[in-house]
Amino acid sequence: MPANRGSRILVAGALIDSTGNGLFMASATLYFVSVVGLPASRVATTLSIAAVFGLLSPVPLGRVADRHGAVRTYVLLMCLRGAGYALYPLITDLSGYAVLTCVLYAADRACSPLLQVIAAAVAGQQERTRTLASIRAVRNIGLSVGLLGASAVLGFPSRAAFTTIFLVNAFSFLAIAALVLWSVKVACDSALTPRKGAGNGGGPQGHAGSGSPPSRAPTPFRDVRFLVFTASNGILSLYDTALIVLLPVWVIQRTDLAHAWSPVLLTVNTTLTVLLQAAVPRFAKDAQGARRLVKCTALTLAAGCALFALAEELPMWASLVAALGAVAAMTLGENLHSVASWELSYLLSPAEARGQYLAMFSMGMTSQKVFGPVLLVSLLLPLGPWAWAVLMALFAVATLGALWSGKPTPSPGADAAATPVPLPSEAR
């Protein structure tokens, strides 16, 4: 756990958030199909449309955060999520479900990059990556707790049980908003509130007294290197789809393993992630260290792909050993990459437009969740062992792109952004 008190509060909030999400994920579709009576195909279509809203929402909301403050925007989105999830028990038709789901998907996806901005300002340079790693680790724990809790409640399925789950999830967002307002907002204001005239001369918007016209505000849409970095990291993040979506299908279709081994392999991934997130951040305390982790990521992901391909050709027990090794290697790559990408995405983003930049970066990660299943399951899986060779090649190209584009250049305000912000109770 991070040493900074504000960081620990953010980690606690992430645990509450993911526990509520686990409760909701395990029950929502079941409720609307079996209790409300919506057609399963319509529910699936709605979720696909909502995913598009979630893909597009972070950048405009990141721009709002750059103008009005990340903490304020984050708290308002948490309140919106709380109110929205509390309305789910009142939904009785498809149109209400579709509208509410699209709004909540947009709010949900926008919160992640804003939390990265807040965590970086609260934790400072030394604790920034460790804080984000701790948040990721407790999210895995909270999600598991939420899924198990929902299973216990749904052992006695009723409208009241579902309503209880939805309201507990809604309350979790309001609790997070209260935590942020109480212990983080004042601490972050100095680092996150846009400052007019800051920087070199007149700041990024112009040069005071120079007589030169103000320069255009930075935007990720005109930053070619950042766009390449975002796309490269989106491709590298295909390990997420490979481990969560492709793996169960691969076990069934391409190996002689019993179907029961699929959750065991997934458990190995989750457990290793929790353990590795405590150790990996120490190797990415600057850009050079983060870029080294990107290179290590490529090697471990390549090893994972090779072992998966080998497992398809081996008898059952040997195949199981190879599959376990493949999951372990790819999980290591997953954690190395996540830590490296957090550090580099932060260093590559200008302080005055950090919300937009990190929101754009999150779009690369979200895109692979939308398009990854089709690519890996529908297009690559039928290729057999060659599918892993294609995936390995994609990882190699993405690594070269990430290394080329992931060379941060010093920017005005970077030193200030790296300084830890004390909590109100710590201020003198």
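The values are calculated or read from the model by the stated rules, or taken from the named source; none is laboratory data. Worth saying up front: this structure is predicted, and the values here are computed from it rather than measured. Here the Cβ positions follow ideal geometry from the backbone for every residue, glycine too, while neighbour counts run over all protein chains shown.
For the reader, a short list of remarks on this structure follows.
- Taking first residues from region 137-165 that are in contact (Cβ under 8 Å) with a residue 24 or more places away in the chain and partners that are among the small types (Gly, Ala, Ser) and outside any helix (DSSP H, G or I), the Cβ contacts under 8 Å between residues at least 6 apart in sequence or on separate chains come to ALA137/ALA278.
- Just one residue in the set ALA187, ALA177, ALA160 is touching a helix residue (DSSP H, G or I) at 6+ places or on another chain (Cβ under 7 Å) and modelled with pLDDT of 75 or more; that residue is ALA177.
- The listed residue being in contact with a Leu (Cβ under 6 Å, 6 or more places away or on another chain), assigned to a helix (DSSP H, G or I) and at pLDDT below 90, out of ARG42, ARG8: ARG42
- VAL33 being assigned to a helix (DSSP H, G or I), surrounded by fewer than 17 Cβ atoms within 10 Å (Cβ to Cβ), without any contact (Cβ under 8 Å) to a residue 24 or more places away in the chain and in contact with a helix residue (DSSP H, G or I) (Cβ under 6 Å, 6 or more places away or on another chain): yes
- Within region 311-327, considering residues that are buried (at least 18 other Cβ atoms within 10 Å of the Cβ) and of a type outside the set (D, E, K, R), the one farthest from ALA387 (Cα to Cα): LEU320
- If you go through region 369-391 and pick out every residue that is surrounded by 21 or more Cβ atoms within 10 Å (Cβ to Cβ) and of a type outside the set (Gly, Ala, Ser), you end up with 3.
- Here LEU80 passes the criteria (1) in contact (Cβ under 8 Å) with a residue 24 or more places away in the chain; (2) over 30 Å from VAL339 (Cα atoms); (3) part of a helix (DSSP H, G or I) except the one numbered (2).
- Some residue of region 390-403 being hydroxyl-bearing (Ser, Thr, Tyr), part of a helix (DSSP H, G or I), in contact with a Phe, Trp or Tyr (Cβ under 9 Å, 6 or more places away or on another chain) and modelled with pLDDT of 90 or more: no
- Of the listed requirements (1) of a type outside the set (Phe, Trp, Tyr); (2) without any contact (Cβ under 8 Å) to a residue 24 or more places away in the chain; (3) farther than 14 Å from TYR239 by Cα, GLU313 misses just one: (2).
- Residues of region 264-303 that are of a type in the set (Gly, Ala, Ser), surrounded by 15 or more Cβ atoms within 10 Å (Cβ to Cβ) and assigned to a loop (DSSP other than H, G, I, E, B): ALA284 alone.
- Criterion applied to ALA323, ALA359, ALA353, ALA306 was being in contact (Cβ under 8 Å) with a residue 40 or more places away in the chain, under 22 Å from ALA260 (Cβ atoms), assigned to a helix (DSSP H, G or I) and of a type in the set (A, V, I, L, M), and the one residue passing it is ALA323.
- From THR271, THR267, residue being under 28 Å from GLU127 (Cβ atoms) and either of a type in the set (Asp, Glu) or assigned by TED's automatic domain parsing to the domain that holds ALA242 (or both): THR271
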